[in-house]
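Below is one structure, written out as structure tokens; comments come after it.
The values are calculated or read from the model by the stated rules, or taken from the named source; none is laboratory data. Quantities reported herein were computed from a predicted structural model and do not represent experimental measurements. Here the Cβ positions follow ideal geometry from the backbone for every residue, glycine too, while neighbour counts run over all protein chains shown. Keep in mind that these areas ignore ligands, DNA and RNA; they rest on the heavy atoms of the full protein, side chains included. Shrake-Rupley method; radii C 1.70, N 1.55, O 1.52, S 1.80 Å.
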Amino acid sequence: DKGNHRHFMQKEIYEQPVVVAQTLRSYLRPLEEQVALPDMEFDLAGVERVAIVACGTAYYVGMIGKYWIEQLARIPVEIDFASEFRYRDPVFTPNMLGVVISQSGETADTLAALRHMKESGLTTGGIINVPTSSMAREVDLLLPTHAGPEIGVASTKAFTCQLAVMAALAVNLARAKGKLTAEEEREIVHHLREVPEAMSHALGHDAEIEAIAPKIAAARDVLYLGRGPEYPMALEGALKLKEISYIHAEGYASGEMKHGPIALIDDSVPLIVIAPSGPLFDKTVSNMQEAQARGAQVVLISDAEGIAQAGENTIATIEMPKVHPLIAPLVYAVPVQLLAYHVAVFKGTDVDQPRNLAKSVTVE
Ligand code: F6R
């Protein structure tokens, strides 16, 4: 049931403050102000390396997880597309934790990668939405997301719930590795608790985003830029736009623009810049300005501080609340999803059932 929403995708975008809160609630211990995981039969302190495997949108959660786990827990993380993982003959080292991420828990490539990890002797964890799925049954440690059924083919609420669980995993690894003080953990818990409200705030910009949609819908190509954890968000934005509006879109790490992609820029190419203010902001903005000097039509997604600093000469700005860098990907996912949604609605494509796509890809 879509309720009063026009599409399942819209409903699922709007459900995010609730389902992310629901997911976080099962990982946050309010009294101790700690992040907890379900009971497990192995000790996270022994983990020396993490290998993450997923497909599509779930893969971008893995990319963000690499930033978080390496930064917080100081252990190396590798990340592969499930379809590439097995066939590159990955090197397994002792004390490696294998992590799969999947909404359906049935994606054939990810399931095959999970089985390969297990056969190779790895301990495995899985961030999975469907609790009765094959992957949920086969992982050693199930880390459930509580997004509820996701009907729209384009993943939205599963993505942000996966991010919430990934943050919980990163914090637990960090604590187990002795890299996080109780005080630091308390602060992270506070930031995570702010997520649902910040997402609601982001949803409040829906009408502005809808107003930009016709301009984006008229483009042949759209580029997305981000740096650090917002780089995978740029990839996610481009994937979302491609799959439901059929407009060609690519995401780039902002610093890579000048190594090639900037050649694509002219005044017909919208550039969506995902840039919360913070340590990476100035660098991203200088990459954005290089593109603006070549005619790029910029939509800047930032907070008030970022927009005050760099919002000039853009075709639009979308103002997010000021949030801690750790939770920015969860909040910035909302405008990125809404933009793809409104462009598709404006173009009149089948938002919930895009051509050539299936909700669950059960062939390798
Ligand atoms: C994109 C999308 C897909 C899935 C991918 C993995 O919006 O939905 O890219 O993320 O097919 O699916 P799961 O998470 O079920 O393994």
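Checking the condition touching a helix residue (DSSP H, G or I) at 6+ places or on another chain (Cβ under 9 Å), within 25 Å of residue 65 (Cβ to Cβ) and surrounded by fewer than 18 Cβ atoms within 10 Å (Cβ to Cβ), which residue from 256, 230 passes?
256
Within the range 114-121, does at least one residue satisfy the condition of being free of Cβ contacts under 8 Å to residues at least 24 places away in the same chain and within 16 Å of the ligand (Cβ to nearest atom)?
Initial filter on the range 114-121 (free of Cβ contacts under 8 Å to residues at least 24 places away in the same chain): 115, 118-119.
Add one more test, that the residue is within 16 Å of the ligand (Cβ to nearest atom), and what stays is 115.
Yes, the conditions are met somewhere in the range 114-121.
Beta carbons closer than 6 Å, at least 6 apart along the sequence or on distinct chains, pair a first residue in the range 317-344 that is over 22 Å from residue 171 (Cα atoms) with a second that is modelled with pLDDT under 95 for 344/351. Within the range 166-182, one or more residues are within 14 Å of the ligand (Cβ to nearest atom), open to solvent by less than 30 Å² (accessible area, probe 1.4 Å) and touching a residue at least 24 places away in the same chain (Cβ under 8 Å).
Report, by residue number, each residue of the range 186-207 that is more than 22 Å from the chain's Cα centre (by Cα) and either open to solvent by less than 30 Å² (accessible area, probe 1.4 Å) or within 16 Å of residue 339 (Cα to Cα) (or both). Result: 207, single match. Is there a residue being crowded, with 24+ Cβ neighbours inside 10 Å, touching a residue at least 60 places away in the same chain (Cβ under 8 Å), assigned to a helix (DSSP H, G or I) and away from the ligand (no atom under 16 Å from the Cβ) anywhere in the range 72-80? Yes, the range 72-80 has at least one match. Exactly one residue out of 61, 20 is surrounded by 15 or more Cβ atoms within 10 Å (Cβ to Cβ), in a helix (DSSP H, G or I), in contact (Cβ under 8 Å) with a residue 12 or more places away in the chain and in contact with a Ser or Thr (Cβ under 6 Å, 6 or more places away or on another chain), and it is 20. Residues in the range 81-102 that are without any contact (Cβ under 8 Å) to a residue 60 or more places away in the chain and either under 29 Å from residue 324 (Cβ atoms) or in contact with a Ser or Thr (Cβ under 6 Å, 6 or more places away or on another chain) (or both) were compared, and the one that is farthest from the ligand (Cβ to nearest atom) is 92.
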